[in-house]
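Notes follow the structure.
The values are calculated or read from the model by the stated rules, or taken from the named source; none is laboratory data. Note that the structure is predicted; figures quoted are calculated from it, not measured. Using ideal geometry, Cβ is built from the backbone for each residue, glycine included, and neighbour counts are taken over all protein chains shown. Ligands, DNA and RNA are stripped out before the accessible areas are found, and what is left, the full protein with its side chains, is counted by its heavy atoms. Shrake-Rupley method; radii C 1.70, N 1.55, O 1.52, S 1.80 Å.
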Amino acid sequence: VITLSIENSDKERIGIRITDTGCGMSAEEIERIFSPEYTTKEKGLGLGLALAHEIIRGHGGDIHVMSRQGAGTTFEVILPRYRAADRPAKG
């Protein structure tokens with residue numbers, strides 16, 4: 001089962017949470033998942049999460065992963081609510 005939720009972290013950021021009830025990952029896997037060419041699949045390049053990480057960072061955001069083997073995984077993406085050029089004036 002995959003669950004997607006969006007929350008207003010604050011006036012500056014928005015959080016997107018993707019949770020699954022899959023097999024989860026070990027601490028060693030979590031440390032490597034954003035590395036290019038790391039994959040657990042027989043066929044695949046291992047670029048998906050590395051590219052997602054770079055795209056999110058390029059937009060001024062961050063991504064975190066929480067996982068427990070046998071209990072699933074949660075990815076949390078934090079993005080700025082506005083692009084720097086579109087940010088409303090303070091005051």
Selection of trypsin sites (Lys or Arg not before Pro), segment 29-63, meeting DSSP coil and at most 11 other Cβ within 10 Å: 41, 43
D_trans [Stokes-Einstein, Kirkwood Rh over alpha-carbon pairs] for the chain, 20 °C, 1.002 mPa s, µm² s⁻¹: 147 µm²/s
Inter-probe distance in nm under a simple model that places probes 7 Å from Cα toward Cβ, at residue 71 and residue 37: 3.4 nm
Surface share of carbon and sulfur [accessible, 1.4 angstrom probe, percent] for the chain: 54 percent
Average projection area in nm² (convex hull over Cα atoms of segment 1-46, one quarter of hull surface): 4.8 nm²
Angle between the chain longest axis and helix 48-58 axis [Cα atoms, degrees, rounded to 10]: 20 degrees
Solvent exposure of the chain as accessible area per residue, Å², 1.4 Å probe: 76 Å²
Segment residue 64-residue 29, length gained on full extension (0.36 nm per residue, minus Cα span): 11.2 nm
Relative contact order of the chain, defined on C-alpha pairs under 8 angstrom at six or more residues apart (%): 33 percent
